[in-house]
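Q: Below is one structure. I have some questions about it.
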């Protein structure tokens, strides 16, 4: 991801508005992928949240639309939700 980031592919997206505590960027080197869905979409830990976000929040990232959505305030909360869904 670092190589892709440094290639400049996300430069057009810089300066976008932050949403739900997530900085408005195409990618951020302090977004740490935790699950890769195999199609470019993934979940990541956000270690560089916007002012109204939380350090370590879990975010889902859709590569086609460069869209992000906060899934949980932290990994523990996200993992608990994930395992609850497995039990259903």
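Q: What residue, of 54, 23, is at pLDDT 85 or above, part of a loop (DSSP other than H, G, I, E, B), touching a strand residue (DSSP E or B) at 6+ places or on another chain (Cβ under 9 Å) and surrounded by 14 or more Cβ atoms within 10 Å (Cβ to Cβ)?
A: Working: 23 fails: part of a loop (DSSP other than H, G, I, E, B).
Answer to the selection: 54.
Q: How many residues does the stretch 57-88 contain that are part of a loop (DSSP other than H, G, I, E, B) and modelled with pLDDT of 95 or more? Explain how you work it out, then say what you get.
A: Step one: list which residues in the stretch 57-88 are part of a loop (DSSP other than H, G, I, E, B), which gives 63-66, 73-74, 88.
So of that shortlist, the ones also modelled with pLDDT of 95 or more come out as 73-74.
Qualifying residue count, the stretch 57-88: 2.
Q: Can you tell me which residues in the stretch 56-88 are within 15 Å of residue 45 (Cβ to Cβ), touching a helix residue (DSSP H, G or I) at 6+ places or on another chain (Cβ under 7 Å) and in contact (Cβ under 8 Å) with a residue 24 or more places away in the chain?
A: The answer is 58, 71.
Q: Related question: Under 9 Å between Cβ atoms, which residue pairs at least 6 apart in sequence (or on different chains) link something in the stretch 18-34 that is at positive phi and free of Cβ contacts under 8 Å to residues at least 60 places away in the same chain with a partner that is surrounded by fewer than 14 Cβ atoms within 10 Å (Cβ to Cβ) and part of a strand (DSSP E or B)?
A: Qualifying pairs under 9 Å: 20/69.
Q: Out of everything in the stretch 32-47 that is surrounded by 15 or more Cβ atoms within 10 Å (Cβ to Cβ) and either at pLDDT 95 or above or touching a helix residue (DSSP H, G or I) at 6+ places or on another chain (Cβ under 6 Å) (or both), what residue ends up being nearest to residue 19 (Cα to Cα)?
A: 46
The values are calculated or read from the model by the stated rules, or taken from the named source; none is laboratory data. Please read these numbers as outputs of a predicted model, since none were measured by experiment. Neighbour counts run over all protein chains shown; Cβ positions are idealised from the backbone, glycine included.
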